[in-house]
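The values are calculated or read from the model by the stated rules, or taken from the named source; none is laboratory data. Nothing here was measured: the structure is a model prediction, and the numbers come from that model. All Cβ positions, even for glycine, are placed from backbone atoms using ideal geometry, and neighbour counts span all protein chains on display.
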Amino acid sequence: MLKVATDRVAQIAEVQFSPCGVPCPKDVLMRELTDADAVIADGRTVFDAQVLKAAQKLRIVARIGVGFDNVDLKAATERGVYVTYTPGVLSDAVAELTIGLMLALSRRLVEADAFVKSRKWAEPTTFPFGIDLAGKTLGIIGMGQIGMEVARRASGLRMSVLYHDVVRKEDAEQLYNAKYSSLESLLKDSDFITLHVPLTSGTVKLIGRSELRLMKPTAYLINASRGKVVDQAALREALKERRIAGAALDVYEVEPIPHDESLLQLDNVILTPHIGSRTVETRTKMALTVADDVIRVLKGEKPVNLVNRELLRS
């Protein structure tokens, strides 16, 4: 879908494609950005202070996605470089994946598929029972735009919704009968817990050993936000020891996930390859959103989806 963005930008500027893969090595990136006025960035290539200093002409780093932890915001702001992202555009897609993972966990869909394909289906069936979502409690950590969309869908599934956020969201409480909760109470009371927080210094390993110990042994954890929000070693232990029922992960501390990662051997975790926004419609919208902000900046205008908004006051 990147071609959608580059085709639009190419109407007013010369577009060059980086020869490196993802993530792009630092030395190659610094060399490639020497004469660049704008860069469309992925989520794994690091734009640190040294890279930004090397890009003397750079005016905008346009990040495809809602995360921007791979960009040194302080360094970018000091150099007057706009950092943009694509908020709101991918909320539906990530929320749908989250609900899909909940359904896959509750009805053991991955196991069911393997069960049939392995020709083990017989009468009477020996396949284990699943559980209903209706009547269960969903705990949402991070009630931003994605969290709100998850709450909307969970309400339609007749689930009770608890949420924890740094800011109380009265609209979620009114629209979806969501109840504000402390993190500790949410972890103790939820049957499913889903994470929708940005990666910041305050959210790194937000869910660790002590938090996992608070969860019910019948509860499930779902992470479609950022891999480092969860202490992966602690989660691995909790799953191996069956201290929680299971988990579903779309993001990891290291991506792609290493081949020797023992999570790959566990039968109580579902793993997907960071596909939260990976739909035709959403990726197209993201590409166009990025392209439009790049075009605005190249024309001397202000970008719309700006992260470092303090530049608007300069």
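What the table below lists for this structure:
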{"quantity": "Selection from segment 180-201 of residues that are within 23 Å of TYR85 (Cα to Cα) and at pLDDT 95 or above", "calculated": "THR194, LEU195, HIS196, VAL197"}
{"quantity": "Residue satisfying condition, being touching a Pro at 6+ places or on another chain (Cβ under 6 Å) and closer than 16 Å to LYS285 by Cα, within set VAL66, VAL4, VAL94", "calculated": "VAL66"}
{"quantity": "Test for THR289: is it more than 25 Å from LEU58 (Cα to Cα) and either in a helix (DSSP H, G or I) or assigned by TED's automatic domain parsing to the domain that holds ILE131 (or both)", "calculated": "no"}
{"quantity": "Index of the failed condition, THR34 passing every other in (1) assigned by TED's automatic domain parsing to the domain that holds LYS285; (2) of a type in the set (S, T, N, Q); (3) within 24 Å of the chain's Cα centre (by Cα)", "calculated": "(3)"}
{"quantity": "Wholly within segment 47-124, helices (runs of 4 or more DSSP H) carrying at least 2 residues that are surrounded by fewer than 22 Cβ atoms within 10 Å (Cβ to Cβ) and over 25 Å from the mean Cα position of the chain (by Cα)", "calculated": "49-54, 109-117"}
{"quantity": "Set ARG236, ARG168: member being in the same structural domain as ILE99 (by TED's automatic domain parsing) and either part of a loop (DSSP other than H, G, I, E, B) or over 30 Å from VAL46 (Cβ atoms) (or both)", "calculated": "ARG168"}
{"quantity": "Test: ILE244 is buried (at least 20 other Cβ atoms within 10 Å of the Cβ), under 24 Å from GLY67 (Cα atoms) and of a type in the set (Val, Ile, Thr)", "calculated": "no"}
{"quantity": "Filter pass, ALA234 being touching a residue at least 60 places away in the same chain (Cβ under 8 Å) and crowded, with 16+ Cβ neighbours inside 10 Å", "calculated": "no"}
